[in-house]
Amino acid sequence: MTTLLVTGGAGFIGSNFIHLLRRERPEIRIVNVDVLTYAGNLENLKDVPLDDHYRFIRCDIADNQALKEAVDEKIDAVVHFAAESHVDRSIEDASAFLRTNVIGTQVMIDLARAWDVEKFVHVSTDEVYGSLGDEGLFTEETPISPNSPYSASKAASDLLVRAAVETHQFPGIITRCSNNYGPYQFPEKLIPLMISNATEDKPLPIYGDGMNVRDWIWVDDHCMGILLALEKGKPGHVYNLGGKSELTNMAVVKAILKSVDKPESLITFVTDRKGHDQRYAIDCSYAEKELGFDRSIDFEEGLKRTVDWYLENESWWQRIKTGAYLEYYDRHYGKDLSE
Ligand code: NAD
Ligand code: DAU
């Protein structure tokens with residue numbers, strides 16, 4: 001049986017990836033390594049039984065020794081999601097971003113080399129390319145030019161993977177994706193924050209003039225792109241993944257208000273994010289040609305499914321807002337799952 005180690009599997013994209021693997025590749029054994037920061041939520045995986053095909057290990061990926069001891073089995077491949085992921089937090093304090101995103105990635109590379117893995121997919125972001133004006137798209141050849149501590153730490157991690165490929169013939173593959181949305185996204189990010197605030201008739205804070213543009217992708221489509229990269233990607237290659245769905249933040253927020261039937265008067269303009277990137281847009285033709293990457297749904301359908309999910313699962317995000325989700329690990333799993 002193939003054993004795939006997933007880092008950050010209790011987060012937004014990692015947990016959606018594990019659900020997708022259970023559906024699409026039930027024969028794969030998954031080892032999920034996650035330290036459970038504020039963004040890690042095991043409630044995202046409550047329907048995935050701990051059995052021969054799924055194991056959870058609570059461990060910090062920046063702690064080489066602890067991870068080496070905890071992972072006491074043969075690992076065939078790695079998909080590396082674990083990261084500090086929120087730009088605003090990185091502007092407040094970059095230290096956790098450097099520890100997890102930079103040191104943690106080097107630790108994962110070192111351990112993956114010791115495990116002699118066949119493939120290592122490093123899940124990165126379009127933010128490493130910086131910001132676009134009104135025209136143009138990021139290609140895999142666009143120079144890296146990050147503007148926030150978060151994107152700088154992700155760019156550093158990409159370069160560490162690249163260096164391992166060149167130095168050690170490491171089987172590293174890098175994916176760079178645009179903005180994801182869908183179930184289980186932590187309600188600090190634009191779409192879930194706006195849905196939850198609108199539901200509670202709270203103000204919807206728009207940074208600056210709301211004209212910044214993001215390219216939105218349904219999280220399952222990103223996860224499928226990662227699976228394709230794992231199965232068909234070539235070591236040393238970078239694959240851009242995107243939703244082909246560019247929208248201003250204002251357009252996204254207005255669409256959310258319409259779908260939950262709340263007034264636009266809830267919109268509140270607030271001080272802009274420092275160094276706020278104006279526009280991201282991805283050319284993913286290389287991944288389409290080489291991997292067969294595609295999108296299954298458009299933004300209209302994806303937003304409808306997302307809004308429905310947040311309305312049907314209000315207790316999930318209410319438990320985050322109250323902090324109750326943090327007790328899940330101790331109550332359901334005990335103190336040490338590496339036993
Ligand atoms: P997230 O913040 O929701 O989840 C991150 C997960 O990593 C959490 O479960 C957290 O507990 C875990 N983690 C953090 N530090 C850790 C550490 N030191 N050791 C072990 N686990 C740790 O993030 P996400 O939005 O799911 O993003 C996942 C990956 O995808 C990140 O690498 C991010 O850069 C990348 N990405 C995200 C997006 C997006 O739109 N969200 C787009 C492109 C790429
Ligand atoms: O592009 C991929 C990236 O997308 C990922 O690498 C990051 O991990 C992920 O967090 C996301 O980064 P963004 O900064 O684009 O996402 P965020 O949801 O924080 O913000 C989206 C846009 O909405 C951005 O222009 C800032 C704006 N915004 C955000 C929040 C939280 C607001 O106007 N108000 C808000 O309250």
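A few points about this structure:
- Within the range 123-186, GluC sites (Glu not before Pro) in DSSP loop having at most 10 other beta-carbon neighbours inside 10 Å: GLU135, GLU141
- Taking the chain and dividing mean pair separation by its residue count, relative contact order in percent (alpha carbons under 8 Å, at least six apart): 19 percent
- Backbone HN-Hα couplings from phi across the range 271-286 [Karplus 6.51/-1.76/1.60, Hz, Gly and Pro as x]: 3, 5, 5, 5, x, 4, 4, 6, 8, 10, 7, 10, 9, 10, 5, 5
- Extension gain, ARG25 to ALA163, is 46.6 nm, computed as 0.36 nm per intervening residue step minus the present C-alpha separation.
- Each residue of the range 204-213 is assigned a 3J(HN,Hα), and the resulting list reads 9, x, 9, 6, x, 9, x, 9, 5, 10 Hz, derived from the Karplus form 6.51 cos²θ - 1.76 cosθ + 1.60 (θ = phi - 60°), x at Gly and Pro.
- Note on the chain: Kirkwood radius taken over Cα pairs, Stokes-Einstein applied at 20 °C and 1.002 mPa s, translational D equal to 106 µm² s⁻¹.
- Folded to 0 to 90 degrees: helix 249-259 orientation relative to the chain principal axis, Cα: 80 degrees
- Angle between the chain longest axis and helix 149-168 axis [Cα atoms, degrees, rounded to 10]: 30 degrees
- Rounded to whole Hz, the Karplus (6.51, -1.76, 1.60) HN-Hα couplings of the range 302-318, x for glycine and proline: x, 5, 4, 4, 5, 4, 4, 4, 5, 6, 6, 10, 4, 5, 4, 7, 5
- Cα long-axis angle, helix 104-115 against the chain (0 to 90 degrees, to the nearest 10): 30 degrees
- Long-range amide H partners of TYR239 with built H, under 5 Å: ILE174, THR175, ARG176
- Residues ASP330 and ILE91, FRET efficiency given R0 of 35 Å [Cβ-Cβ distance, rounded to 0.05]: 0.65
- Bridge type composition, the chain - antiparallel percent by DSSP, nearest 5: 10 percent
- Surface/4 estimate of mean projected area, convex hull on alpha-carbon atoms of the range 213-339, nm²: 12.1 nm²
- Segment ASP76-MET1, extension gain: residue separation times 0.36 nm, minus the distance between their alpha carbons: 26.1 nm
- Which listed pairs, of LYS202/LYS304; LYS154/LYS258; LYS119/LYS154; LYS232/LYS304, have C-alpha distances above 24 Å, in listed order: LYS154/LYS258; LYS232/LYS304
Here, each number is a calculation from the coordinates, and none is a lab measurement. Since the structure is predicted, the reported quantities are computational estimates derived from the model, not experimental observations. Ideal geometry is used to build each Cβ from the backbone, glycine not excepted, and the neighbour counts take in all protein chains shown.
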